[in-house]
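J.: A single structure is presented below for examination.
The values are calculated or read from the model by the stated rules, or taken from the named source; none is laboratory data. These numbers come from a predicted model, not from an experiment. Here the Cβ positions follow ideal geometry from the backbone for every residue, glycine too, while neighbour counts run over all protein chains shown.
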């Protein structure tokens with residue numbers, strides 16, 4: 001797991017996750033006190049484990065995890081939460097409550113940028129296999145969509161044409177999407193902590209190496 005190899009980049013990963021599938025909510029305790037809480041819901045246990053490991057680098061408070069079945073998936077849902085108000089406040093302030101990317105993303109080093117990208121791509125990215133074709137992409141309705149494209153370019157990751165979809169309902173934000181050129185993703189050193197996505201990238205990479213070897217042998 002990449003995040004475990006570089007505890008110094010754990011915050012960048014957490015911010016990426018927060019901008020994606022994570023959220024900061026308010027919960028009521030048994031004593032009717034309002035508590036600020038970071039929360040993540042996912043069907044991928046390794047995703048929950050990666051986020052928990054990253055959070056552990058930044059808080060001494062309890063990080064709780066519950067598991068329960070969901071109707072839309074054969075996998076159970078993992079709900080992760082942490083009620084550290086300082087951590088939650090920092091997430092909200094750095095991103096203006098998920099309305100922008102953090103300022104440090106423009107000046108951080110390459111490894112930090114990749115950790116941030118991993119957090120967002122674990123959340124909102126996809127890797128699909130259709131026959132012999134593997135393709136990767138990202139879809140979002142967030143205001144920072146164009147800035148994320150800039151971050152990918154800064155990391156050496158190239159994208160395809162940006163597409164626009166119809167909003168799910170009137171008044172909803174317009175979803176936009178793009179594909180990612182797999183060769184540039186691999187060359188940049190980018191990665192997923194969700195292994196079902198990472199394995200598809202690694203299988204594609206292995207197939208490219210096999211194809212190149214066969215081509216050289218045929219020549």
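J.: Need at least 1 residues that are over 18 Å from the mean Cα position of the chain (by Cα) per element, so show me which helices (runs of 4 or more DSSP H) inside the range 77-166 make the cut, counting only ones lying wholly within it. Let's see the steps before the verdict.
T.: Numbers: elements: 85-95, 110-124, 145-154.
The qualifying helices (runs of 4 or more DSSP H) are 85-95.
J.: Which condition number in (1) in contact (Cβ under 8 Å) with a residue 40 or more places away in the chain; (2) surrounded by 13 or more Cβ atoms within 10 Å (Cβ to Cβ); (3) touching a helix residue (DSSP H, G or I) at 6+ places or on another chain (Cβ under 7 Å) is the one that residue 124 fails?
T.: Of the numbered conditions (1) in contact (Cβ under 8 Å) with a residue 40 or more places away in the chain; (2) surrounded by 13 or more Cβ atoms within 10 Å (Cβ to Cβ); (3) touching a helix residue (DSSP H, G or I) at 6+ places or on another chain (Cβ under 7 Å), the odd one out for residue 124 is (3).
J.: Could you check the range 15-27 and list, in sequence order, the residues that are touching a helix residue (DSSP H, G or I) at 6+ places or on another chain (Cβ under 8 Å) and modelled with pLDDT under 95?
T.: None; the set is empty.
J.: Go through (1) closer than 20 Å to residue 92 by Cα; (2) loosely packed, with under 10 Cβ neighbours inside 10 Å for residue 72 and report which single condition fails.
T.: Residue 72 satisfies all of (1) closer than 20 Å to residue 92 by Cα; (2) loosely packed, with under 10 Cβ neighbours inside 10 Å except (1).
J.: Hey, residue 190 hits all of (1) more than 25 Å from residue 96 (Cα to Cα); (2) out of contact with any helix residue (DSSP H, G or I) (no Cβ under 7 Å at 6 or more places or on another chain) but one; which does it fall short on?
T.: In the conditions (1) more than 25 Å from residue 96 (Cα to Cα); (2) out of contact with any helix residue (DSSP H, G or I) (no Cβ under 7 Å at 6 or more places or on another chain), residue 190 misses (2) alone.
J.: Among the listed residues 205, 179, 174, 210, which satisfies the condition of being over 25 Å from residue 51 (Cβ atoms) and in a loop (DSSP other than H, G, I, E, B)?
T.: Criteria check complete, one pass: 174.
J.: So which residues in the range 28-62 are assigned to a strand (DSSP E or B), modelled with pLDDT of 95 or more and touching a helix residue (DSSP H, G or I) at 6+ places or on another chain (Cβ under 6 Å), if there are any at all?
T.: 38, 40, 42
J.: While we're on this one: Quick one: residue 134 ticks every box in (1) surrounded by 19 or more Cβ atoms within 10 Å (Cβ to Cβ); (2) touching a residue at least 40 places away in the same chain (Cβ under 8 Å); (3) over 18 Å from residue 58 (Cβ atoms); (4) in contact with a helix residue (DSSP H, G or I) (Cβ under 6 Å, 6 or more places away or on another chain) except a single one, so which number is it?
T.: So residue 134 meets the others, but not (1).
J.: Okay, moving on. Listed residues 156, 125, 119, 171; which is in contact with a strand residue (DSSP E or B) (Cβ under 7 Å, 6 or more places away or on another chain) and either at pLDDT 95 or above or at positive phi (or both)?
T.: Exactly one of 156, 125, 119, 171 is in contact with a strand residue (DSSP E or B) (Cβ under 7 Å, 6 or more places away or on another chain) and either at pLDDT 95 or above or at positive phi (or both), namely 125.
J.: Kindly check whether there is at least one residue in the range 102-114 that is within 30 Å of residue 170 (Cβ to Cβ) and touching a residue at least 24 places away in the same chain (Cβ under 8 Å).
T.: Checked the range 102-114: no residue is within 30 Å of residue 170 (Cβ to Cβ) and touching a residue at least 24 places away in the same chain (Cβ under 8 Å).
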